[in-house]
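**Q** Please read through the structure below; I'll follow up with questions.
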Amino acid sequence: VGGRVAGNTTGAGGAGATGSAGGPGGSGGGISNSGTLTLIDSTVSGNATGAGGAGDAARGGNGGDGGGIHSTGAASLIRSTVSGNVTGAGGDGTSDGRGGDGGGIASVANSSTLMLAGSTVSGNTAGASGGGIYAAGDVALASSTISANTASLNGGGIRSDGGLATTANTIIAGNTDS
């Protein structure tokens, strides 16, 4: 209750050996969750995931997902802020790797769940989709604000990719994507 996770960076992906693809960047710049995570009155800010490694006559590695939080389990944020986080770029190669998803939060498993209540996700940047939030599973937002996030591909504010997305009394505004 009432913590701060700030200024962390995961490692970059390794360069590919001769004829091999580059490695992926590390995910979960601030927090990596594979169980149950509950944040109350907390801040996750200024974190970054690693860039993908360069491929050698092959594809570059993908950037890490979840600049602030990477979750494959259940995550709940109550009266918390996720801001100023960024995902890594894709590595160079015969075809470039993809940037990371979920600049602020990446809830990446189809069975994962994400719940925000009275929380703010703002000023985050994704190298691919979901500038604020990328959700493969279910996401529920109540009395929250998702604003001023940016994604290089789609879903500047939120990219819901297969799960159920619900909102109540939530502002989603001022987000951009390409």
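**Q** Based on the mean of other Cβ atoms within 10 Å per residue, sort peptides 102-111, 29-38 so the most packed one is first.
**A** On the way: 102-111: 26.7, 29-38: 17.9.
Top to bottom by mean Cβ count within 10 Å: 102-111, 29-38.
**Q** Given axes a ≥ b ≥ c from the Cα gyration tensor, I'd like to know whether the range 73-130 is rounded (a/c under 1.5), prolate (a/b larger than b/c) or oblate.
**A** Numbers: a/c = 4.50, a/b = 1.79, b/c = 2.52.
Note, shape of the range 73-130 comes out oblate.
**Q** Let me ask another. For the chain, what is the charge dipole size about the Cα centre, in debye to the nearest 20, if Lys and Arg each add +1 at the Cβ and Asp and Glu each add -1 at the Cβ? Write out the running numbers ahead of the final one.
**A** Numbers: 5 positive and 9 negative charges, 53 e Å.
In debye, rounded to 20, the chain gives about 260.
**Q** Another question, if that's okay. ARG4 to THR94: extension gain in nm, 0.36 nm per residue of separation minus the Cα-Cα distance?
**A** Details: separation 90, 0.36 × 90 = 32.40 nm, distance 4.00 nm.
Stretched out fully, the ARG4 to THR94 stretch lengthens by 28.4 nm.
**Q** Over the Cα atoms of the range 16-72, Rg to Rh with Kirkwood Rh, two decimal places?
**A** When Rh is taken as the Kirkwood radius, the ratio is 1.17.
**Q** Where Lys and Arg each count +1 and Asp and Glu each count -1, what net charge lies around SER107 among other residues with Cβ under 14 Å from its Cβ? Don't jump to the answer; show the numbers that get you there.
**A** Values: positive: ARG159; negative: ASP65, ASP101, ASP138, ASP161.
Spelling it out: positives minus negatives among the neighbours equals -3.
**Q** Test of understanding: express the Cα radius of gyration of the range 44-83 as a ratio to 2.2 N^0.38 Å, with N the residue count. Each step should come with its number before you reach the end.
**A** On the way: Rg = 14.3 Å, N = 40, 2.2 N^0.38 = 8.9 Å.
Relative to the 2.2 N^0.38 Å estimate, the range 44-83 comes out at 1.60.
**Q** Per the Kirkwood formula on distinct C-alpha pairs, the Rh of the chain is how many angstrom? Working shown, then result.
**A** Values: mean 1/r = 0.0654 Å⁻¹.
For the chain, inverting the mean 1/r across all distinct Cα pairs yields 15.3 Å.
**Q** Continuing with this model, one more query. For labels at ALA142 and SER34 in the simple 7 Å Cα→Cβ model, what's the distance in nm?
**A** Once both label points are built, they end up 3.0 nm from each other.
**Q** Return the ratio Rg/(2.2 N^0.38 Å) for the range 1-104, where Rg is computed over Cα atoms only. Please list the in-between numbers first.
**A** Working: Rg = 14.8 Å, N = 104, 2.2 N^0.38 = 12.8 Å.
For the range 1-104, the normalised Cα radius of gyration comes out at 1.15.
**Q** Report the convex hull volume per residue for the range 51-149, counting only C-alpha atoms, in Å³. The partial results should precede the final answer.
**A** Values: hull volume 7.1 nm³, N = 99.
That works out to 71 Å³ per residue.
Read-outs: derived from the displayed coordinates by stated rules, not from any lab. No experiment lies behind these values; they were computed from the predicted model shown. Cβ coordinates were reconstructed from backbone atoms using ideal geometry, including for glycine residues, and neighbour counts include every protein chain displayed.
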